[in-house]
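Right, one structure below, let's go through it.
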Amino acid sequence: MTPLPKRRHSSARQGKRRHSISIKETQLVSCSNCGKLTLSHQVCKNCGTYKGSVLIAPKIKTKITKVEENTKK
C-alpha cells in the first residue's frame with residue numbers, strides 16, 4: 001500500500017500552491033532599432049536585430065496575386 005497523508009491540507013495552503021502555478025503576463029520591451037514591442041532577450045521579429053546587431057535578415061511580405069487564366073490564351 002502507498003502512504004497516505006496523515007492530516008488534511010488547509011485551503012490557505014492549497015491557495016499558496018495554486019498561486020505560484022498561475023499564468024503570468026509576458027514582459028514586452030520596445031526594440032532599440034524599430035521601436036516595436038518584442039519579448040525580452042529575443043531577436044526582434046520585425047527588423048531582426050538583437051542588442052544593436054543584425055542577426056536575421058527581415059522577411060519582406062509580398063502579396064501573391066493569382067494569375068488569370070484568360071491572359072494565357
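Any read-out appearing in this document is the output of simple, stated calculations on the displayed coordinates, not a laboratory observation. Since we're looking at a predicted model, the values are computed, not measured. For neighbour counting, all protein chains shown are included, and Cβ atoms are generated from backbone atoms with ideal geometry for every residue, glycine included.
With Cα atoms as the point set, the radius of gyration and Dmax of the stretch 1-42 evaluate to 20.6, 62 Å.
Highest average first, the peptides 14-24, 35-45 ordered by how many other beta carbon atoms sit within 10 Å of their residues are 35-45, 14-24. The modelled label-to-label distance between Ala12 and Ser40, using points 7 Å beyond Cα along the C-beta direction, is 3.2 nm. Note that the stretch 26-31 has calculated 3J(HN,Hα) couplings of 6, 8, 9, 10, 7, 5 Hz, one per residue in order, obtained from phi through the Karplus relation 6.51 cos²θ - 1.76 cosθ + 1.60 (θ = phi - 60°); glycine and proline are x.
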